[in-house]
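Working notes, beginning with the structure itself.
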Amino acid sequence: MDAANSILSMIGNTPLLELTKMDTGPCRLFVKMENQNPAGSIKDRIGLSIIEAAERDGRLKPGGTIVEATAGNTGLGLALVAAQKGYRLVLVIPDKMSAEKIRHLRALGAEVRLTRSDVPKGHPEYYQDMAAKIVAETSGAFWASQFDNPANPEAHETTTGPEIWQQMNGQVDALVAGVGSGGTITGTGRYLKAMNPNVKVVVADPVGSVVAPAVETGEVKYDGGSWLVEGIGEDFIPDNLDLALIDDGVVVSDREAFQTVNELLRVEGILAGSSAGTLVAGALAWCRRQSTPKNVVTFICDTGNKYLSKAFEDGWLQEQGLIDRPRHGDLRDLVMNRADAGRVIFVGPGDTLNTAYNRMRANEVSQLPVIDGTRVVGVLDEEDILAAAYADTDVFGHAVAKHMTDSLDVIDIRSDTAQLMALFAANKVAIVMDGAQFVGMITRIDLINHLRQSVS
């Protein structure tokens, strides 16, 4: 019987795939499918390596507590291993991480402490500084410390690098990788260069990160930049990063990264995370500027299942200014879920309050237009449901029409934002119409997002 006896034995030995439907210039581009690891990312490798190294040297005792600061995937790798081995795990995670990733961590039994993603190293709410505080306050805690733990690059030097070399039959001209903790590019790059010193190691780095500029200039200067891609990009040089190994750098914008990750799915059928968008975009750019054919390897670092509400959601991408939509110069530009695009979330007057409540929860909205055929006949919000349910818990079977507000605040698309402010001051939402045609609803958050984008 050919079956594994532990999920941990299935970490590594991931397949290699050539991208054949994207413009790679004169090069061949291969991706190491790290999304095939059990917890869905390349970080499974270091989760296992770090914990087993700590067990061997006695820093981690049976039933002990592991603490880590992570953008998410290292946490998932640690959580998988910790759950299998019976350790408590406390993770400090920046608040820009996807909801799917956080839910996955909690489902594995990890204790998640969210902290700010907009503060630099040295701030008490910076994720690494907060992790250090938790370690200091927890008796016998082991800090995984992926940024300076040698077991991190060692995992890639002993597994990832050899796998690539074997799968490519030694025909590797360049490696493109990102930098989060520095372990992947250092360990893999170190092995490949040991096998062939002519292998080029290229960092793909988000705009605002310090790594690619440091490769180019030799100076580390953080200017307060931020990026939406998760898991790679840094405001400092981690101890585990050997800058001397890196030959070249490519800077990739968030827009390029998210466009590429969507193209990967449409064209190559690969559901990848946002960091893979940066890596593949960077690898494609580097490939296209080559004058001779080369074999280039990069990573699908993790699965896109963790980013369905972000990277693959047009509304979120539009909110972040990562994709464009036609501009009209009127209030249509503020409506995120437009009726003419079939994106309006609504209920009918004959639907039940329970249906309305479930629809609000599923779509993370607090109010719904009530539509009868093509006509907007009312609005139902959380307050309406609460008022009804507080008086009588049996109301969830009632028709929406019985509890909706049918006094509508209709506003024409050509109105100015001052009229919106007047409605919001009265705790109302705007029903936007183009003549007799329903366009959508505008809430406070829609106006805030519009104003934010206008100055970004």
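The values are calculated or read from the model by the stated rules, or taken from the named source; none is laboratory data. Model, not experiment: these values are computed from the prediction. Note that we place each Cβ from the backbone using ideal geometry, even for glycine, and neighbour counts take in every protein chain shown.
Overview of values
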| quantity | calculated |
| --- | --- |
| Matching residues, the stretch 77-122, being part of a loop (DSSP other than H, G, I, E, B), charged (D, E, K, R) and at pLDDT 95 or above | none |
| Selected residue [touching a helix residue (DSSP H, G or I) at 6+ places or on another chain (Cβ under 9 Å) and either without any contact (Cβ under 8 Å) to a residue 60 or more places away in the chain or of a type in the set (Ser, Thr, Tyr) (or both)] from Ser9, Ser41 | Ser41 |
| Residue in the stretch 389-396 that is charged (D, E, K, R), outside any helix (DSSP H, G or I), over 23 Å from Ala339 (Cα atoms) and over 35 Å from the mean Cα position of the chain (by Cα) present | yes |
| Residue that is nearest to the chain's Cα centre (by Cα), among those in the stretch 318-368 that are of a type in the set (Val, Ile, Thr) and under 27 Å from Arg255 (Cβ atoms) | Ile323 |
| Residue in the stretch 329-344 that is among the β-branched types (Val, Ile, Thr) and assigned to a helix (DSSP H, G or I) present | no |
| Condition check for Gly25: part of a loop (DSSP other than H, G, I, E, B) and not assigned by TED's automatic domain parsing to the domain that holds Thr188 | no |
| Tabulated pairs, the stretch 323-337, first surrounded by 11 or more Cβ atoms within 10 Å (Cβ to Cβ), second among the small types (Gly, Ala, Ser), C-beta under 7 angstrom, 6+ apart or interchain | Leu331/Ser415; Val335/Gly440; Met336/Gly315; Asn337/Gly315; Asn337/Gly440 |
| Inter-residue pairs, beta-carbon under 8 Å, first buried (at least 21 other Cβ atoms within 10 Å of the Cβ) and in the stretch 14-35, second outside any loop (DSSP other than H, G, I, E, B) and of a type in the set (Gly, Ala, Ser), 6+ apart | Leu29/Ala283; Val31/Ala276; Glu34/Ser41; Asn35/Ser41; Asn35/Ala272; Asn35/Ala276; Asn35/Gly304 |
| Filter pass, Asn73 being over 24 Å from Asn149 (Cα atoms) and at pLDDT below 95 | no |
| Contacts under 6 angstrom Cβ, first residue in the stretch 94-112 being within 17 Å of Val229 (Cβ to Cβ), partner among the aromatic types (Phe, Trp, Tyr) and buried (at least 19 other Cβ atoms within 10 Å of the Cβ), 6 or more apart | Pro94/Tyr127; Ser98/Tyr307 |
| Test: residue in the stretch 290-299 that is in contact (Cβ under 8 Å) with a residue 40 or more places away in the chain, crowded, with 24+ Cβ neighbours inside 10 Å and among the aromatic types (Phe, Trp, Tyr) | yes |
| Subset of the stretch 426-456 [among the aliphatic types (A, V, I, L, M), surrounded by fewer than 22 Cβ atoms within 10 Å (Cβ to Cβ), under 28 Å from the mean Cα position of the chain (by Cα) and modelled with pLDDT of 80 or more] | Ile445, Leu447, Ile448, Leu451 |
| Subset of the stretch 418-439 (residues that are part of a helix (DSSP H, G or I) and polar (S, T, N, Q)) | Gln419 |
| Hits in the stretch 143-174 (condition: hydrophobic (A, V, I, L, M, F, W, C) and more than 27 Å from the chain's Cα centre (by Cα)) | Trp165, Met168, Val172 |
| Some residue of the stretch 183-205 being on the phi > 0 side of the Ramachandran plot and of a type in the set (Gly, Ala, Ser) | no |
| Residue match in the stretch 351-368 (condition: closer than 30 Å to Ile42 by Cα, surrounded by 14 or more Cβ atoms within 10 Å (Cβ to Cβ) and among the basic types (Lys, Arg)) | no |
| Leu108 vs. criteria of a type in the set (A, V, I, L, M) and in contact with an Asp or Glu (Cβ under 9 Å, 6 or more places away or on another chain) | no |
| Answer from Gly187, Gly180 - the residue that is part of a loop (DSSP other than H, G, I, E, B), touching a residue at least 24 places away in the same chain (Cβ under 8 Å) and closer than 15 Å to Asp242 by Cα | Gly180 |
| Any hit, the stretch 300-309, residues being under 24 Å from the mean Cα position of the chain (by Cα), in a loop (DSSP other than H, G, I, E, B) and surrounded by 16 or more Cβ atoms within 10 Å (Cβ to Cβ) | yes |
| Lone unmet requirement of (1) out of contact with any Leu (no Cβ under 8 Å at 6 or more places or on another chain); (2) buried (at least 17 other Cβ atoms within 10 Å of the Cβ); (3) assigned to a loop (DSSP other than H, G, I, E, B); (4) modelled with pLDDT under 95 for Pro62 | (2) |
| One residue from Ile237, Ile246, Ile270 being under 21 Å from Asn152 (Cβ atoms) and modelled with pLDDT of 95 or more | Ile246 |
